[in-house]
Each structure stands twice: as C-alpha cells, then as structure tokens.
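K.L.:
Got a structure here, written out as structure tokens. Questions coming.
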Amino acid sequence: MFESFFQPESIAVVGANRTPGKVGHDVVKNLLEAGYPGPIFPINPKADEILGLRCYGAVTDVEQGVDLAVIVVPAKIIPSIVDECAEKGIKAVIIISAGFKESGPDGAALEQDVAERCRRHGIRCIGPNCLGLVSPHERVNASFGPAMPAPGNIAFFSQSGALGTAMLDIAAGEGIGLSRFISFGNKMDINESDLIEALGQDEKTDVILGYIESIEDGSRFMEVAGRITRAKPVIILKSGRTSAGAQAASSHTGSLAGADSAYDAAFRQSGVIRAESIGQLFSYARAFAAQQPPAGPRVAVVTNAGGPGILATDAIESSDLQMAEFQDATARKLADALPAQAALHNPVDVLGDAQADRYKAALDAICADPGVDAMLTLLTPQASTRAEEYGRAVTGAAARTDKPLLACFMGSASVRSAWQVLKEGGVPNFEGPAPAVAALDALHTFGLRRRTEPEAPPSHDFDDAAIRLALEQAREKGRSSLGERQARAIARACGIPLPRSIFAGSEEDAVRAAKEIGYPVVMKISSEDILHKSDAGGVLLDRKDETEARAAYRDLLASARRYKPDADLEGVLVQATAPRGREVIIGMKRDPQFGPLIMFGLGGVYVEVLKDVVFRVAPIALRDARQMVEGIRSAAILHAFRGQPEADLEALADCLTRVSQLAVEHPEIHECDLNPLFVYPQGKGLMAVDIRFGLKWEQQ
C-alpha cells in the first residue's frame, strides 16, 4: 500500500494554484524542482496551466491513472474531493489542508466525515493538517517544505508540520540524507504505528526517526515497534513531558497526551530509543546511520587532552556503558608507540603535541583488543594540530575494524575541515563528549535488544472463582473500590502473602480475634468507603492486650466517623503484626493509551514525595520485573549493605508479575496499591501489609 505514497507512478495536486507562495503552488513547484519523473496533474477548474503543466477541472477529468492525490483545497469541500478520488480509483491521498479537529468541534465532525468516506472507499490517507511527504530517492517532494534533502538511509515522520519544516531544513543544511519524510498531522487514518511498520519494511530505510505528541492505540504501537526494533532502530522525540506540555500538545493537535511515565515504559519495553531534544534526535541518527551496534558495553577513549578524557569517562560511567580494561599486549603496543609521558590506561592520552601517527597507532592497538567493544576519539585543537590529517587517521582506523568508532573533534574554526573528512569516512562527529557517549549508549542499547530473545510473561495459577466473587459483590453494590476484606481475598487468590487477619464486627469479636491471633496485633477500620485508612486515623499498631484492643476498636470507629460521617463502617480488621522488612510499594494504574501500568518503588508514606518509582506496561515478563526492581534510584537499599542481607529480589519480581497478570485478566480493576509491602531477606519472601483496589465498571 505504501508504494503509492513512497513511489507513486503519477501524482495529482488537487487545489494547485497559480500564485507563488500559496501551498497549492508550492507543492507543484516542489515536485518539478525535485525532478519527479512521473506525470503531474494540477487540478484547478479556474486555470488552464500552472508552471507549464496542463490543468484539469477535476481529478476525474484526468485521462490517465492517478496513483497519489495531494489535496490542498479548503477543508469544507474535501468530503466531495475524497468521493471524486474514489470515483477515479485513487487509493492514496495526502490531505495537507487544515481546519479539522485541531480547530474545534465542527472541524472534528468534518474530519470524522472524511475518515468515514476514506474507510468506505478503501482510501488510505496521510493527514489532514500536515506538511506532506518527501521521498528523495524517487525524487518525490509532495510537500510545501522549504528544502529537498539529499537521498540517504534515515526516515523521519512528524506529527507537527512546523517542526517538520525545521527538520527538513536542518537535514539539508547539515547534509543529512533522508530516505523518507512524512508529516502526518492529525493522523486521521495513517498514524505512527502504520509508519513504523511501513518504514520497517522499506529497503531504503535503515534508521527510523519520529516526532510525536500522542499515541491513541498504545497496544498496537508496542506490538509494531517491538517487532521492528529487533531489526531497525526506532528513535522518537515525544513532547508533552510535563503536565503543561501535555496540555499544550492536546490543544495543538486535538489529541490527548498520555502520562509521560507510560510513554517511557512503553518505549523501553518495545525497544524504542527516546531522544530528549531535536539535537539528540539527529545525533543519534548520525550514529545509527553510519555505525553498527557494539558487541558489548566496553568503551575505550583516545584523547589529546586530559579534560575531555575525564568528561568522557564521567559520561560513560553514568551510562549503561563501562570503561574498557586493556589486555597486557595492548598496553605494550601503546607503550611502544607513544611517548613516555602519555597515559597508557583508559582513557589513553596521546598528549597535546600528538600528530596523526599517534592517533593511528593508538587506535589500531585498541581496536585489536578483544576487551574493547567500541571506541571514542577526542581532539582539541592545539598549535600543532593538523585536523584533516587527524580526521584521516580516525577514518582509516574505522575502516580497518568492525567495531563502532565515534569522534568528538571539539572546537570550530580549527577543526571544521576535519568534520567533512570524518563525515565522508562514515565516522559521526559530536560537539562534546557527553552527546557522543549518549549516542554510543543508544547504539549499545539497540544491539543488546537485538541479541536478547523475547520472554513471555509467566502464567500464575490464580483462584479465579474467588477473584470473580469479590468483584461481582462490589459491582452489585455499585462500589468504585474494594474494602479491606475483599481486597485481601483477591490478593490471597493471586498468591500474594498476607499477615493473618480476622474480621471483627463488634468490640467482643475484636477481643476474641486478637487473642486467637496473638498479641501484639494491628487493628484497621474496615470500610469500603475509606480507601486511605491512615488519613482517617484508621490504623492502630502494636495493640498489646485486651484493654488496648477494646479501646482501639472504639477509637477506630470514632475516628472514621469524624473523617467521613456517611461512611458505611463494617467493623474492624484484626491483623497479626507482620515482621518488619524493607518497605516497598507495588501498584497498578490504567493509562488511557497503554492500559495497565505496573509500578515499583520504595514504599510507605513517602512514596509520593520521593517519587523513586519505575513503571512498565502489563503484561510483564520476569526479566521486566527484575529490571524494575533494579531500576529505582535507591535499588542499593535492597542489596546487602552494612550487615543487612540482600532482600528477596526474586519474590519481588514474582509479585510484580502476579499484579501484572491480575491487571490484564480483570480490566475492571482500575488501580491498586500494595503499600507497604515488606520484603524479607533472600529466600524469606515478602508480605503485603496493606492493599487497596480501585474499580471502574464499563457502564460508568
């Protein structure tokens, strides 16, 4: 299908215009200036010719077949234009015109009408409200963009037309070759998932870049991206990180931006590399377009100045990469080739007076070291610097190895001539050590994904009948949350360990329950109307005898009535005091784009303040769960330190996959918290001390 977009045999411009500066004029002009080899049919009932091309009153008047229609007429007449395209047998259209859902409710209704017509006629559509499409290899510039990029192996799609024009200008200015450029605007039909799929199958594309503001179908995006990223890198710049940014994105395109934590999780799991800026998007693109991923994380640095070498080392140690350790044979080669004052250990400092021969000798020695997976060479201009010679030394070394080699020739006037040498030799150059290391880290992440086999989520044996019973009881009562007893029933049915507890509907019941469990006990208010019991004074710890148990019962009910006078108070839950462990939280919340998000972090009352949490999209495999446990900033607290044994990390990973399975199998569970969750030393398991479930029924 995308051949009609990327390689059209003929193009009609519906709304072609005689006036320079008008979009309908610029599209025809761009097609001609690009040297498009096929026939171009301007459609304008008020003109005989445009730019030397014969005009037609309607697309149905064209005698020949039309592969692609580019539509630039006012929005209100586009429904009829789509019908004419269908009559002509056109199956691919690009609607550049604005005035659709980005403009308000009337525009949204118009867009829905156009979408339904396209579906009915079997027409695929890019847009509306977009810049158009460019295929440099086929000399197609079906856009009103300012510049035609050179042919290359990088594809770029953008939800923003304005950002797309800037990207085209950057690509043209920096000589970055593109295979495809697609501005898809409101994505009425074709969206980012469709484009990733198509570009993943496109022989002229090796690297896929994208700018997006939202994703509607998160599951499909993850499925498609997850497949494509095992063969080609997908690098995306996603706007709307902050709440204000997300609001701006919504007003800009009429789309709803999801929670940024969901996008981070979805990108990570599907292998998408997230760029933080336009500059980083292009720096990653340059690295991926020219270099293969390293076989491992070990990086060697060659520099002619100590400061940049230290900066590179800091950046490497702060990433998922690591500084390589040289074999003895490599150290001997370096010692033979470099002055006595040179630093022979990683980073290798060839000194400020180094000529190109020192770089060549150092790089060749390091490239041959089996303990080195990738190299970064740094240069700062000195009085004796001959930048172009250094550039040729670096590109020569790159040609003699299959290991990735990146450069950072710092400065401007003194090294500018070397930048072109590096570019022609296929060695990407970066303005500083940090961007170079970030690009190398992205290459490593992509390579690691390609080498890692997918892992299926585990299938735990739940007591499904008990889960359904608890949920049906809540549905019958119209509850939007579960009480303590129902929540515990579901947790038990999922195999999540809990402290022993007994429900008490009276003061006497509470005393009997406490005696049976054994003092000291924890006592909690039991009410489906009170979710956060600690806020209501609804939890009392360490009740040591009958007198304290009686008083606790009365105090809990009184506190709950003060907190929420209309709450339905069932009674009190008497619970065994759980042994203290390291306190964590496991939770789940449904995201509108991606579905259930599983959360892990440090637990207790400070979780919202510290925000040391990580997310993944369910379902998750054990490998995902283990990465979550290790992914929080304070993961070291869960390992052995200062006499503390290592926590039971496998029990945590198992519990995460259980919550994930529960969320996938029961969509009516909208959110849940296991907080605090005590995790004990390795082999001793864990225990959920407090549990909360929020519900959302379909009819609500």
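K.L.:
Counting only residues that are closer than 24 Å to Ser559 by Cα and assigned by TED's automatic domain parsing to the domain that holds Gly175, give me the helices (runs of 4 or more DSSP H) lying completely in the stretch 425-533 with at least 1 of them. Spell out the reasoning first.
P.N.:
Details: elements: 433-451, 464-476, 484-493, 507-517.
Output list is empty.
K.L.:
Moving on to the next point. Which residues, counting only those in the stretch 572-601, are assigned to a loop (DSSP other than H, G, I, E, B) and within 17 Å of the chain's Cα centre (by Cα)?
P.N.:
If the condition is that a residue be assigned to a loop (DSSP other than H, G, I, E, B) and within 17 Å of the chain's Cα centre (by Cα), then Pro592, Gln593, Phe594 are the ones that fit.
K.L.:
One residue is enough: does the stretch 421-428 have a residue meeting the conditions touching a Lys or Arg at 6+ places or on another chain (Cβ under 8 Å) and either crowded, with 23+ Cβ neighbours inside 10 Å or among the polar types (S, T, N, Q) (or both)? Spell out how you get there, then give the answer.
P.N.:
Restricting attention to the stretch 421-428, the residues satisfying the condition of being touching a Lys or Arg at 6+ places or on another chain (Cβ under 8 Å) are 421, 425, 428.
With the extra rule that they be either crowded, with 23+ Cβ neighbours inside 10 Å or among the polar types (S, T, N, Q) (or both), the set shrinks to 428.
Yes.
K.L.:
Still on this structure, I have one more. Please indicate, with yes or no, whether at least one residue in the stretch 384-391 is out of contact with any strand residue (DSSP E or B) (no Cβ under 6 Å at 6 or more places or on another chain) and modelled with pLDDT of 90 or more.
P.N.:
Within the stretch 384-391, one or more residues are out of contact with any strand residue (DSSP E or B) (no Cβ under 6 Å at 6 or more places or on another chain) and modelled with pLDDT of 90 or more.
K.L.:
Looking only at the stretch 168-224, count every residue that is under 17 Å from Lys101 (Cβ atoms) and in contact with a Phe, Trp or Tyr (Cβ under 8 Å, 6 or more places away or on another chain) and tell me the total.
P.N.:
Final tally of qualifying residues: 8.
K.L.:
Moving on. When both residues are 6+ apart or on different chains and their Cβ atoms are under 6 Å apart, which pairs have a first residue that lies in the stretch 442-471 and is in contact (Cβ under 8 Å) with a residue 12 or more places away in the chain, and a second that is of a type in the set (Gly, Ala, Ser) and not in a loop (DSSP other than H, G, I, E, B)?
P.N.:
What qualifies is Leu443/Ala287; Phe462/Ala493; Asp463/Ala493; Ala466/Ala489; Ala466/Ala493; Ile467/Ala493; Ala470/Ala489.
K.L.:
Out of Glu528, Glu546, Glu507, I need the residue that is out of contact with any Pro (no Cβ under 8 Å at 6 or more places or on another chain), among the charged types (D, E, K, R), surrounded by 15 or more Cβ atoms within 10 Å (Cβ to Cβ) and farther than 21 Å from Glu671 by Cα. Which one?
P.N.:
Going through Glu528, Glu546, Glu507 in turn, just one is out of contact with any Pro (no Cβ under 8 Å at 6 or more places or on another chain), among the charged types (D, E, K, R), surrounded by 15 or more Cβ atoms within 10 Å (Cβ to Cβ) and farther than 21 Å from Glu671 by Cα: Glu507.
K.L.:
Please specify each residue of the stretch 80-107 satisfying the condition of being over 27 Å from Ser135 (Cα atoms) and touching an Asp or Glu at 6+ places or on another chain (Cβ under 7 Å).
P.N.:
Lys101, the sole residue that qualifies.
K.L.:
Right, here's the next one. I need the full set of residues from the stretch 77-90 which are part of a loop (DSSP other than H, G, I, E, B) and small (Gly, Ala, Ser), in order please.
P.N.:
Gly89
K.L.:
Could you please tell me which pairs satisfy a Cβ distance under 8 Å, a separation of 6+ or placement on different chains, a first residue in the stretch 392-407 that is in contact (Cβ under 8 Å) with a residue 40 or more places away in the chain and surrounded by fewer than 24 Cβ atoms within 10 Å (Cβ to Cβ), and a second residue that is hydrophobic (A, V, I, L, M, F, W, C) and in a strand (DSSP E or B)?
P.N.:
Taking only residues 6 or more apart or on different chains, the pairs are Lys403/Ala374; Lys403/Met375.
K.L.:
For Glu516, are the conditions met, namely being out of contact with any strand residue (DSSP E or B) (no Cβ under 9 Å at 6 or more places or on another chain) and exposed (fewer than 15 other Cβ atoms within 10 Å of the Cβ)?
P.N.:
Values: out of contact with any strand residue (DSSP E or B) (no Cβ under 9 Å at 6 or more places or on another chain): no; exposed (fewer than 15 other Cβ atoms within 10 Å of the Cβ): yes.
For Glu516, the condition - out of contact with any strand residue (DSSP E or B) (no Cβ under 9 Å at 6 or more places or on another chain) and exposed (fewer than 15 other Cβ atoms within 10 Å of the Cβ) - is not met.
K.L.:
Right, next: If you check Ala300 against the conditions, is it within 23 Å of Val421 (Cα to Cα), hydrophobic (A, V, I, L, M, F, W, C) and touching an Asp or Glu at 6+ places or on another chain (Cβ under 6 Å)?
P.N.:
So Ala300 does not fit the description; no.
K.L.:
Given (1) under 15 Å from Leu602 (Cα atoms); (2) surrounded by 18 or more Cβ atoms within 10 Å (Cβ to Cβ), identify the lone condition not met by Arg633.
P.N.:
(2)
K.L.:
Another one. Filter the stretch 1-26 for residues that are surrounded by 19 or more Cβ atoms within 10 Å (Cβ to Cβ) and in contact with a Gly (Cβ under 7 Å, 6 or more places away or on another chain) and give the result.
P.N.:
Within the stretch 1-26, Pro8, Ile11, Val13, Gly15, Ala16, Asn17, Gly24 qualify.
K.L.:
For the stretch 102-113, give me each residue that is closer than 24 Å to Ile196 by Cβ and at pLDDT 95 or above. Walk me through it before giving the result.
P.N.:
Filtering the stretch 102-113 down to residues closer than 24 Å to Ile196 by Cβ leaves 102, 111.
Within the stretch 102-113, Glu111 is the sole residue that qualifies.
K.L.:
Which one of these does Pro37 not meet: (1) surrounded by fewer than 14 Cβ atoms within 10 Å (Cβ to Cβ); (2) over 28 Å from Ser179 (Cβ atoms); (3) not aliphatic (A, V, I, L, M)?
P.N.:
The one condition Pro37 does not meet is (2).
K.L.:
On the basis of being modelled with pLDDT of 90 or more, surrounded by 22 or more Cβ atoms within 10 Å (Cβ to Cβ) and in a helix (DSSP H, G or I), does Ala361 make the cut?
P.N.:
No, not satisfied.
K.L.:
A follow-up question, please. Return the residues of the stretch 662-692 that are over 21 Å from Ser481 (Cβ atoms) and either touching a helix residue (DSSP H, G or I) at 6+ places or on another chain (Cβ under 7 Å) or crowded, with 18+ Cβ neighbours inside 10 Å (or both); say none if nothing qualifies.
P.N.:
Within the stretch 662-692, Phe678, Val679, Tyr680, Gly685, Leu686, Met687 qualify.
K.L.:
Can you tell me which residue in the stretch 636-653 is surrounded by the fewest Cβ atoms within 10 Å (Cβ to Cβ), limited to those that are in a helix (DSSP H, G or I) and touching a strand residue (DSSP E or B) at 6+ places or on another chain (Cβ under 7 Å)?
P.N.:
Top of the filtered list is Ile637.
K.L.:
Do any residues in the stretch 646-661 that are β-branched (Val, Ile, Thr) have Cβ atoms under 6 Å from those of residues that are buried (at least 22 other Cβ atoms within 10 Å of the Cβ) and part of a helix (DSSP H, G or I), where the two are at least six apart or on different chains, and which pairs are they?
P.N.:
From residues that are β-branched (Val, Ile, Thr), the pairs are Thr657/Ala625.
K.L.:
Hey, another quick one. I want to confirm something. Restricting to the stretch 45-65 and keeping residues that are touching a strand residue (DSSP E or B) at 6+ places or on another chain (Cβ under 9 Å) and under 18 Å from Gly35 (Cα atoms), which single residue is surrounded by the fewest Cβ atoms within 10 Å (Cβ to Cβ)?
P.N.:
Only one residue fits best here, namely Arg54.
K.L.:
Can you find even one residue in the stretch 537-548 that is among the aliphatic types (A, V, I, L, M) and not in a strand (DSSP E or B)? First the steps, then the outcome.
P.N.:
Residues of the stretch 537-548 among the aliphatic types (A, V, I, L, M): 539-541.
Then keep just the ones that are not in a strand (DSSP E or B); that gives none.
No; the residues of the stretch 537-548 include none that is among the aliphatic types (A, V, I, L, M) and not in a strand (DSSP E or B).
K.L.:
Taking Phe594 as the residue in question, decide whether it is aromatic (Phe, Trp, Tyr), touching a residue at least 24 places away in the same chain (Cβ under 8 Å) and out of contact with any Gly (no Cβ under 7 Å at 6 or more places or on another chain). Break it down stepwise before answering.
P.N.:
Numbers: aromatic (Phe, Trp, Tyr): yes; touching a residue at least 24 places away in the same chain (Cβ under 8 Å): yes; out of contact with any Gly (no Cβ under 7 Å at 6 or more places or on another chain): no.
When the stated conditions are applied, Phe594 does not pass them.
K.L.:
Only one of (1) of a type outside the set (Ser, Thr, Tyr); (2) buried (at least 17 other Cβ atoms within 10 Å of the Cβ); (3) over 33 Å from the mean Cα position of the chain (by Cα) is not met by Glu472, so which one is it?
P.N.:
(2)
Yes or no, residue by residue, for (1) without any contact (Cβ under 8 Å) to a residue 40 or more places away in the chain; (2) within 24 Å of Gly595 (Cα to Cα):
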{"position": "Phe615", "(1), (2)": "no, yes"}
{"position": "Gln627", "(1), (2)": "yes, yes"}
{"position": "Glu630", "(1), (2)": "yes, yes"}
{"position": "Leu638", "(1), (2)": "no, no"}
{"position": "Arg642", "(1), (2)": "yes, no"}
{"position": "Asp673", "(1), (2)": "no, yes"}
{"position": "Gly683", "(1), (2)": "yes, no"}
{"position": "Val689", "(1), (2)": "no, no"}
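K.L.:
Hey, could you check the stretch 116-172 for residues that are under 18 Å from Val72 (Cα atoms) and modelled with pLDDT under 90 and say which is surrounded by the fewest Cβ atoms within 10 Å (Cβ to Cβ)?
P.N.:
My answer is Ala162.
K.L.:
A further question on this structure: Which ones in the stretch 287-297 are surrounded by 22 or more Cβ atoms within 10 Å (Cβ to Cβ) and not in a loop (DSSP other than H, G, I, E, B)?
P.N.:
Those that are surrounded by 22 or more Cβ atoms within 10 Å (Cβ to Cβ) and not in a loop (DSSP other than H, G, I, E, B): Ala287, Phe288.
The values are calculated or read from the model by the stated rules, or taken from the named source; none is laboratory data. As the structure is a prediction and not an experimental result, all values here were calculated from the model. Using ideal geometry, Cβ is built from the backbone for each residue, glycine included, and neighbour counts are taken over all protein chains shown.
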